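To keep things clear, I will list the structure first and then write my remarks on it.
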Amino acid sequence: LSEWDRSVRFSARDLFVDYGYIASDDDFSGKGYLAWDDTHLYLALDLRDNEIIGSRNDDLLYKDDCIEIYTDPAGDDLAWDDPADVQLGIVPNTIQPGTLKSWAWFQKKDTIASGDVEGMWVRTQRGYVLECRIAFDALKIRPGRKHKFSILLHDYDRKDRSSAKLASYFEDSERKGNRIELGTLEFQA
C-alpha cells in the first residue's frame, strides 16, 4: 500500500452510515485509495473487519462484505436499474481466497468474467487488504472529466446478524423517488 501515496484517499471515518450500525472500529473500519490512468480506475482498501464474508454470487453480492461503486455519467442522478448508470460491486471471495467476485447490477454482468475488474485480496490479522483495477468503460467514466461518483462499503456479520453500509461522496443521502444524487469526482490525469 506504500505505492498509493499520491492517490485520492478516504477513510471509513469519512463515510456516513447509510443504514445499520458499526459496533466499533474492530467490527469495521479502514481506509481506501483511488488512482487512475487513461483506461482504468485503481482501488485499494485496507479494512479492519472482524468477520469476512464473501460467498454469494452475482446479483446477491451486496448481501456480503461488498464494496459498491456508483456512477452517474449523465449527471442526472443515479436511477435504479437504469443501464445508463452503474452500480458495481466487488467482494473478497472467501470460497476461493485471494480472488474477487464482481457484478454490475444495472448491466446484469459478471465483471470478473468480462475482464472489466481484476484484482486480489489478502487476509490480514484484523481484516483484509484488497487491490483491484476497473476498466473505465465498465464504469462509463471518461478520464479528464468530472463524474458523479460514490463508493459504499457494506459490512455483514453472520455471528450477530448485523449489517451496515457506509457511504462516501454523497452530496445528498435522501432518495428522490428512485434516484440518488451522487458526489462529484474529477478524473484528471
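The values are calculated or read from the model by the stated rules, or taken from the named source; none is laboratory data. The model shown is predicted, which means the values in this text are computed figures rather than measured ones. Using ideal geometry, Cβ is built from the backbone for each residue, glycine included, and neighbour counts are taken over all protein chains shown. Ligands, DNA and RNA are excluded from the accessible area calculation, which covers all protein heavy atoms including side chains. Shrake-Rupley method; radii C 1.70, N 1.55, O 1.52, S 1.80 Å.
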Beyond 18 Å (Cα-Cα) in this structure, taken from 63/165; 63/159; 31/148, we find 31/148
Expected vector for segment 94-100, Karplus 3J(HN,Hα) from phi with 6.51, -1.76, 1.60 and θ = phi - 60°, integer Hz, x for Gly and Pro, equals 8, 7, 10, x, x, 9, 10
Quarter of the surface of the C-alpha convex hull for segment 93-144, i.e. direction-averaged projected area in nm², equals 4.6 nm²
Per the 1/(1 + (r/R0)^6) rule, R0 = 30 Å and r from the Cβ atoms of residue 81 and residue 137, FRET efficiency to 0.05 is 0.90
Expected max-MSF residue from 107, 96, 125 in the GNM of the chain (alpha carbon, under 10 Å) is 125
Karplus ³J(HN,Hα) for segment 137-143 (6.51 cos²θ - 1.76 cosθ + 1.60, θ = phi - 60°; Hz, whole; x = Gly/Pro) runs 4, 5, 8, 6, 9, 10, x
For the chain, the Cα-Cα pair-distance distribution in 5 Å bins from 0, as whole percents, is 1, 8, 17, 22, 23, 17, 9, 2, 0
Rounded to whole Å², per residue accessible area for the chain with a 1.4 Å probe reads 49 Å²
